[in-house]
Amino acid sequence: MEQIRRATALPPRIPRRGLFYGDGVFRTALVLDGTILDRERQFNKLTQDALRIGIEAPPLAEMLSTSEALLADQSSAVLRLLLCRSDSGRGYAPDSASGQFFAECTDLPLYRHELWTQGAVMAWSDVLLGTQPRLAGIKHLNRLEQVLASRNWPEDLDEALMCDAQGRVVGGTRTNLFLWIDGVWVTPELSQAGVAGLMRDKIIEITHANGIDCEIGLISPDEVRHAEECFVSNSLIGIWPVRCIGSLVFPAPGARTLEVMKMLAHPWSGE
């Protein structure tokens, strides 16, 4: 559960287009010792995602100044970066590409250290993700599908695995998925639905740099059942080994997962 310490640079009024239409993008960054982890990558992702929907980001120096001012007296935190299209009259059709940047600082979530050392418990979600190639991959503000998929979880559930409307595995409600199948890491192809997370990019890069096969491909639920190991990732947690998805049981962490975790060397592992 995440405790909000303080609302920081959020404006008195979020632009109507962001509030009413979800016309914007966001990122979630880990802050440790007052430093934004993967700072350049985070702002690059935010800017690139915004351009995908026709929003131009303010100058990087302006966004950095706003964000770092929030962290002046913060050591460890979650930093949310939000970029909305500026208000431009009534109706759906935008008449501006200008973006407004905001940031918010909250406490780190109260995740147990055992999620890294003993693995996460997952279930299959019955909420299907709609397919929309124009939005696939980016972290836009329309997260209602993930909200629905996160309702009424039992206390021992840590994440839920989602498929798209065609039955293809996409990832967790807030994580990307990696499976060890036949001697290769495989992560779902996200050209139709889902979020191509920053940590997913890092893991693909680091495995390739170390001579480990990591492929992007279409994954069916049946293929998940053939996986020998499994983990999920995002910018806050780095990697959580997965010990079960419903009735499917995996070693957590398995030897191959531990190998990637050591290469990634993510600096935070809960309480």
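The values are calculated or read from the model by the stated rules, or taken from the named source; none is laboratory data. Since we're looking at a predicted model, the values are computed, not measured. Every residue, glycine among them, receives a Cβ derived from its backbone with ideal geometry; neighbour counts consider all protein chains shown. These accessible areas exclude ligands, DNA and RNA; they are computed on the full protein's heavy atoms, side chains included. Shrake-Rupley method; radii C 1.70, N 1.55, O 1.52, S 1.80 Å.
Sub-6 Å Cβ pairs linking a first residue in the stretch 167-193 that is at positive phi to a second residue that is assigned to a loop (DSSP other than H, G, I, E, B), at least 6 apart or interchain, are 171/194, ordered by first then second residue. Would you be able to tell me the number of residues in the stretch 36-57 that are surrounded by fewer than 15 Cβ atoms within 10 Å (Cβ to Cβ) and not in a helix (DSSP H, G or I)? Result for the stretch 36-57: 2.
Would you mind stating whether residue 168 is over 30 Å from residue 107 (Cβ atoms) and open to solvent by 10 Å² or more (accessible area, probe 1.4 Å)? Yes. Criterion applied to 225, 243 was being over 25 Å from residue 105 (Cβ atoms), of a type in the set (Lys, Arg) and surrounded by fewer than 15 Cβ atoms within 10 Å (Cβ to Cβ), and the one residue passing it is 225. Restricted to the stretch 250-271, and to residues there that are out of contact with any strand residue (DSSP E or B) (no Cβ under 7 Å at 6 or more places or on another chain) and not in a helix (DSSP H, G or I), the residue that is most open to solvent (accessible area, probe 1.4 Å) is 271.
Summed over the stretch 176-189, residues that are open to solvent by less than 10 Å² (accessible area, probe 1.4 Å) and polar (S, T, N, Q) total 1. When 83, 79 are checked against the criterion of being in contact with a Gly (Cβ under 9 Å, 6 or more places away or on another chain), part of a strand (DSSP E or B), among the aliphatic types (A, V, I, L, M) and buried (at least 20 other Cβ atoms within 10 Å of the Cβ), a single residue qualifies: 83.
Against the conditions (1) under 22 Å from residue 210 (Cβ atoms); (2) modelled with pLDDT under 95, residue 235 satisfies every one except (2). If we keep just the residues of the stretch 13-35 that are surrounded by fewer than 21 Cβ atoms within 10 Å (Cβ to Cβ) and among the charged types (D, E, K, R), which is farthest from residue 95 (Cα to Cα)? Among those that are surrounded by fewer than 21 Cβ atoms within 10 Å (Cβ to Cβ) and among the charged types (D, E, K, R), it is 33.
Residue by residue, here is whether (1) closer than 23 Å to residue 244 by Cβ; (2) not β-branched (Val, Ile, Thr) holds:
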site: 124; (1), (2): yes, yes
site: 127; (1), (2): yes, no
site: 138; (1), (2): no, no
site: 149; (1), (2): yes, yes
site: 152; (1), (2): yes, yes
site: 156; (1), (2): yes, yes
site: 169; (1), (2): yes, no
site: 183; (1), (2): yes, yes
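Applying the selection to the stretch 194-234, what residues are in contact (Cβ under 8 Å) with a residue 60 or more places away in the chain and among the charged types (D, E, K, R)? Answer for the stretch 194-234, where residues must be in contact (Cβ under 8 Å) with a residue 60 or more places away in the chain and among the charged types (D, E, K, R): 201, 202.
Let's see how each residue does on (1) in contact with a helix residue (DSSP H, G or I) (Cβ under 8 Å, 6 or more places away or on another chain); (2) surrounded by fewer than 16 Cβ atoms within 10 Å (Cβ to Cβ); (3) assigned to a helix (DSSP H, G or I):
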residue: 65; (1), (2), (3): no, yes, yes
residue: 69; (1), (2), (3): no, yes, yes
residue: 73; (1), (2), (3): no, yes, no
residue: 95; (1), (2), (3): no, yes, no
residue: 112; (1), (2), (3): no, yes, no
residue: 122; (1), (2), (3): no, no, no
residue: 127; (1), (2), (3): yes, no, no
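Only residues that are in contact with a Leu (Cβ under 6 Å, 6 or more places away or on another chain) and modelled with pLDDT under 90 were counted in the stretch 76-95, giving 0.
Selection over the stretch 150-201 of residues that are in a strand (DSSP E or B), farther than 17 Å from residue 133 by Cα and small (Gly, Ala, Ser) gives a count of 2.
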